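The values are calculated or read from the model by the stated rules, or taken from the named source; none is laboratory data. Since this is a predicted model, take the numbers as computed values, not measurements. Counting neighbours? That spans all protein chains shown, and the Cβs are built from the backbone with ideal geometry, glycine included.
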Amino acid sequence: MTQQKTWEPPALVPHRAGIMNKFGDAPPQSSYQSDIDGVEIAQLREQYGSPLFIVSEKTLRENARRLRQAFASRWPKVRHGWSYKTNYNNAVCNIMHQEGSWAEVVSDFEYLKARALGVPGSHIIFNGPWKPNYILEQAVREGALINIDHLDELFALEQIASNQRKQVSIGIRLNFATGYTEAWSRFGFNIESGAAMNAVQRIHSSPWLKLIGLHSHIGTFVLDTRAYAVQARIMGGFMDKVERDYGCEIEYLDIGGGFASRNSLQGAYLPADLVVPTFDDYAEAIVNALKEITAKRSAEGKPLPTLILETGRAMVDDAETLVTTVVGNKRLPDGRRATILDAGLNLLFTAFWYNHEIKPLRHIDSITEETVLYGPLCMNIDVVRASIMLPALSVGEALTIRPVGAYNNTQWMQFIQFRPAVVMITQEGEVELVRAPETMQMLNDMERLPETLRHPFPAGLPE
Ligand SMILES: Cc1ncc(COP(=O)(O)O)c(C=O)c1O
């Protein structure tokens, strides 16, 4: 495809080709990405338009298998709950379920989404700070694994269990300081203050509730595996105490999510490949700590708790790419080149904290230059990348942005733009549309106009 070059007033640009970066690499002027799993991106863009999200089924399944292998080879009972909030595209969820994951949901919306996909309640882990009564009633009826967040939820659940005349087995969410991550103390019951033990006592006193699990989620993009070892030790200590003091039998320890994906945090000095632990690294740290805390238990022949993981971003991030197109170029008053793309923060919430890998689709024979990438929103904050070395990009030139599989397709917003299509490249190399692009019709179908407001200019066009 030949592209017409856009005219730009002449400017003097320092020629940086050949100057090494901090790792000794030359600027990546020849770096490009033309295909995903052997499928030409340019062809997909032609067929489905731009912007376009592309999911790789192969990568997703490989990630799921690597996670399972890392943990199941070290601990006898492991379960993974797919964190719906990370990416609840139906095709993505069902790949995870086909790979053996349960659903991990945090709201009525997500619970209903999992049920609509055919996940039975008995395979849903229900977390989150707000579970409305109607959905708690359904979750109790359907045997979901509920981890409670606060006392009011405990009381509501007790009432529901009593109404349904059945004892409900539950878990509680804990929070505590690991010394490595900031404690997410707004979720669950705090161990250090005694709130968690008080909750256990309250559960113990209820004929309708039975404590069988402990849950916590220590943060997200946690790069230090030692944080998880501390988490496992603290949860293990708490397990021993509630079993000893209240005669509970803890069946599972749910350590939440938080493993880092192969993305680069803004401000990070080293690239993701050098700093992000592998699933094996995480598994080694967690399982060693678990073995330590359960040694006595094992010696006494007591059953070991099931280890539940709710890994989200590390599973899906690198399985999805966003294709975007240049819609304009300009020179900022300070001399920097600014390039405007058809995808911005409306689609790429994670651009707030990641420096994504961004590449053209083809080799572009020009010097690279520091460039600011803006999105299409009429808002100053819509910066996809504050500074990146890129070759000259004419209008119509396409770029890939990755990894973008985590949190973008759930936190994207329909703000002044339509949300685009999501396609999936299947294991067989076929292309499937897994989410249709939004249209004006779809959006207007949700609105209702009162009779008196049917026409913008009922009395005829104003002067
Ligand atoms: C309770 C819970 N589980 C799992 C996750 C998934 O976390 P991540 O995507 O960091 O693995 C989250 C994310 O916030 C969470 O709050």
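Structural remarks
- Criterion (in the same structural domain as G344 (by TED's automatic domain parsing) and out of contact with any His (no Cβ under 8 Å at 6 or more places or on another chain)) met by exactly one of S73, S50: S50
- The listed residue being in contact (Cβ under 8 Å) with a residue 24 or more places away in the chain and crowded, with 18+ Cβ neighbours inside 10 Å, out of H204, H217: H217
- So T371, is it among the polar types (S, T, N, Q) and closer than 30 Å to Y84 by Cβ: no
- Any hit, the range 340-355, residues being within 16 Å of the ligand (Cβ to nearest atom), in contact with a Gly (Cβ under 6 Å, 6 or more places away or on another chain) and of a type in the set (A, V, I, L, M, F, W, C): no
- Only one entry of A91, A64, A116 meets the criterion of being touching a strand residue (DSSP E or B) at 6+ places or on another chain (Cβ under 7 Å) and either at pLDDT 95 or above or more than 20 Å from E320 (Cβ to Cβ) (or both), and that entry is A91.
- Taken as a whole, the range 123-141 holds no residue that is without any contact (Cβ under 8 Å) to a residue 60 or more places away in the chain, within 18 Å of W82 (Cβ to Cβ) and exposed (fewer than 15 other Cβ atoms within 10 Å of the Cβ).
- Hey, V372 surrounded by 17 or more Cβ atoms within 10 Å (Cβ to Cβ) and under 25 Å from the mean Cα position of the chain (by Cα) or not: no
- D280 being within 16 Å of the ligand (Cβ to nearest atom) and either acidic (D, E) or more than 30 Å from G100 (Cα to Cα) (or both): no
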